[in-house]
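Peer 1: Once you've had a glance at the structure underneath, I'll fire off some questions.
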Amino acid sequence: MAACLTDPEHGYYTSRDPLGAAGDFTTAPEISQMFGELVGLWCLALAWQIELARGWRLLELGPGRGTLMADTLRAMAQTGPDGQVPPVDLVETSPVLRDLQRDRLAGRDVTWHDGVETLPRDIPYVAIANEFFDALPIRQFVASPAGWRERLIARQDGRFVPMVAETAADDALVKALPDAPNGRIAEVAQVRQDMMTQLARHIVRNGGAALIIDFGDPRLPLADTLQAVRGHEQTDRFDAPGGADLATAVDFADLAGIATANGAGVHGPVGQGPFLRALGIDHRARMLLESASAEQADAIARGHERLVSLTAMGDDFRVMAVTQSGVAPPPGFEGTIV
Ligand code: SAH
């Protein structure tokens with residue numbers, strides 16, 4: 001999964017812009033400007049709520065075309081004191097997407113990073129990750145009478161096929177998995193766990209927060225959620241390595257447990273629909289409609305529907321905030337358990 005997505009030469013993200021109608025899949029910020037605007041207002045409200053020190057920075061993990069950040073900064077500039085916006089750090093491995101981000105965010109104070117390791121250490125962040133965790137690689141295991149075995153990939157008659165490892169799985173990887181009947185598949189996302197650990201530790205040490213938005217699956221870790229998408233359709237997972245998007249659902253309970261174990265506060269997850277509604281997306285849509293042409297009005301209404309409808313992205317996509325400890329539920333999470 002790591003090689004397919006981020007190989008320096010042949011990786012899916014490294015070699016193309018996969019987003020939008022002409023690409024392979026469409027993300028929330030590419031559906032409507034309202035998504036990034038509301039995320040921007042959330043970041044600002046959070047910074048005020050926890051009285052972040054001057055000098056805090058905005059961080060985005062996996063910023064795609066830069067659309068979410070552009071909309072976020074515009075909304076912040078219109079709302080914050082004297083149009084000021086914080087400096088921005090972007091974690092992005094794809095050179096193709098970095099170029100698009102550079103164009104999209106021209107004139108803004110932006111620094112790019114290959115990973116979170118090179119981020120300034122002692123500065124508070126408000127971090128945003130939309131459809132980023134789902135792209136970090138996972139491993140799969142299969143329950144057998146002899147315990148968990150890793151699911152590997154073999155080449156057979158010119159095709160890639162899944163196979164079960166002959167040796168026992170590394171104990172450290174499978175120790176948290178529940179017992180399961182033979183043949184059941186489980187997913188373990190160590191790279192995501194490490195990412196969550198680093199973010200949570202940074203937040204606990206310096207203050208700040210992270211807003212994580214992704215598609216979840218309550219069956220995790222006992223599920224096979226790996227999917228390949230090409231041209232807006234699901235495709236065979238082994239057909240075109242590096243030529244299709246690979247993603248798996250995010251185990252929010254797992255990430256929440258890691259954040260809490262590291263001393264951070266966790267809010268949610270809540271559905272994307274209720275979250276955006278609590279932040280005022282219905283009102284924002286009405287405002288945009290007031291000055292829209294007939295064609296724009298149609299796009300606004302359809303975008304609104306796709307983002308919040310419980311049969312579209314509004315429920316499958318979940319939103320979770322990780323904050324410094326002792327923070328009351330931020331906007332959109334009121335009524336959820338801390
Ligand atoms: N957040 C954007 C894009 C989501 S696609 C949006 O909502 O539109 C996933 C993004 O994560 C892309 O920008 C991709 O290049 C980046 N990415 C994937 N794996 C990565 C990794 N291991 N390190 C850093 N960025 C990564």
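The values are calculated or read from the model by the stated rules, or taken from the named source; none is laboratory data. Note that the coordinates shown come from a computational prediction; the quantities given were computed from them, not determined experimentally. Glycine also receives a Cβ, built like all others from the backbone with ideal geometry; neighbour counts cover every protein chain displayed.
Peer 1: I need the full set of residues from the range 74-106 which are in a helix (DSSP H, G or I) and touching a residue at least 60 places away in the same chain (Cβ under 8 Å), in order please.
Peer 2: Those that are in a helix (DSSP H, G or I) and touching a residue at least 60 places away in the same chain (Cβ under 8 Å): 95, 96, 97, 100.
Peer 1: Something else: Being of a type in the set (Gly, Ala, Ser) and in contact with an Asp or Glu (Cβ under 9 Å, 6 or more places away or on another chain) narrows it down to one of 47, 75, 3, so name that one.
Peer 2: 75
Peer 1: Out of all the residues in the range 76-83, is one or more more than 24 Å from residue 325 (Cα to Cα) and either within 12 Å of the ligand (Cβ to nearest atom) or aliphatic (A, V, I, L, M) (or both)?
Peer 2: Yes, some residue in the range 76-83 is more than 24 Å from residue 325 (Cα to Cα) and either within 12 Å of the ligand (Cβ to nearest atom) or aliphatic (A, V, I, L, M) (or both).
Peer 1: Moving on. Would you be able to tell me the number of residues in the range 1-45 that are of a type in the set (Asp, Glu), outside any loop (DSSP other than H, G, I, E, B) and either in contact (Cβ under 8 Å) with a residue 40 or more places away in the chain or more than 20 Å from residue 129 (Cβ to Cβ) (or both)?
Peer 2: Pass one, the range 1-45, residues of a type in the set (Asp, Glu): 7, 9, 17, 24, 30, 37.
Next, only the ones that are outside any loop (DSSP other than H, G, I, E, B) stay: 30, 37.
Still in the list and also either in contact (Cβ under 8 Å) with a residue 40 or more places away in the chain or more than 20 Å from residue 129 (Cβ to Cβ) (or both): 37.
Total meeting the criteria: 1.
Peer 1: Ok, one more. Do you know which of the residues in the range 285-338 that are free of Cβ contacts under 8 Å to residues at least 12 places away in the same chain and part of a loop (DSSP other than H, G, I, E, B) is farthest from residue 51 (Cα to Cα)?
Peer 2: 293
Peer 1: For residues that are small (Gly, Ala, Ser), at pLDDT 95 or above and more than 16 Å from the chain's Cα centre (by Cα), scanning just the range 48-75, find the one that is farthest from the ligand (Cβ to nearest atom).
Peer 2: Looking at the filtered set, the residue picked out is 75.
Peer 1: Scan the range 12-47 for residues that are under 20 Å from residue 93 (Cα atoms) and more than 16 Å from the chain's Cα centre (by Cα) and jot them down.
Peer 2: Across the range 12-47, the qualifying residues are 12, 14, 15, 16, 17, 20, 23, 24.
Peer 1: Something else now. Just need a number here: residues in the range 124-179 that are of a type outside the set (Val, Ile, Thr) and surrounded by fewer than 12 Cβ atoms within 10 Å (Cβ to Cβ).
Peer 2: Of the residues in the range 124-179, the ones of a type outside the set (Val, Ile, Thr) are 124-125, 127, 129-137, 139-141, 143-152, 154-160, 162-163, 165-166, 168-173, 175-179.
If we keep only those that are surrounded by fewer than 12 Cβ atoms within 10 Å (Cβ to Cβ) too, we end up with 145-146, 154-159, 166, 171-172, 175, 178-179.
Total satisfying the criteria: 14.
Peer 1: Determine if the range 93-110 includes at least one residue that is more than 25 Å from residue 31 (Cα to Cα), in contact with a helix residue (DSSP H, G or I) (Cβ under 9 Å, 6 or more places away or on another chain), surrounded by 20 or more Cβ atoms within 10 Å (Cβ to Cβ) and not hydrophobic (A, V, I, L, M, F, W, C).
Peer 2: No: zero hits.
Peer 1: Looking at the range 128-157, which of its residues are part of a strand (DSSP E or B), among the aliphatic types (A, V, I, L, M) and within 12 Å of the ligand (Cβ to nearest atom)? Explain how you work it out, then say what you get.
Peer 2: So in the range 128-157, the residues part of a strand (DSSP E or B) come out as 128-130, 139-144, 147-156.
Right, trim to among the aliphatic types (A, V, I, L, M) and you get 128-129, 142-143, 152-154.
Of everything in the range 128-157, those that are part of a strand (DSSP E or B), among the aliphatic types (A, V, I, L, M) and within 12 Å of the ligand (Cβ to nearest atom) turn out to be 128, 129.
Peer 1: Condition first: without any contact (Cβ under 8 Å) to a residue 24 or more places away in the chain and basic (Lys, Arg). Can you find one or more residues in the range 167-181 that meet it?
Peer 2: Looking through the range 167-181, at least one residue is without any contact (Cβ under 8 Å) to a residue 24 or more places away in the chain and basic (Lys, Arg).
Peer 1: Being within 20 Å of the chain's Cα centre (by Cα) and surrounded by fewer than 16 Cβ atoms within 10 Å (Cβ to Cβ) narrows it down to one of 224, 194, 217, 236, so name that one.
Peer 2: 194
Peer 1: May I pose another question? Tell me the residue from 263, 257, 273 that is surrounded by 17 or more Cβ atoms within 10 Å (Cβ to Cβ) and either more than 30 Å from residue 15 (Cα to Cα) or among the acidic types (Asp, Glu) (or both), please.
Peer 2: On the way: 263 fails: surrounded by 17 or more Cβ atoms within 10 Å (Cβ to Cβ); 257 fails: surrounded by 17 or more Cβ atoms within 10 Å (Cβ to Cβ).
Every option except 273 fails the conditions.
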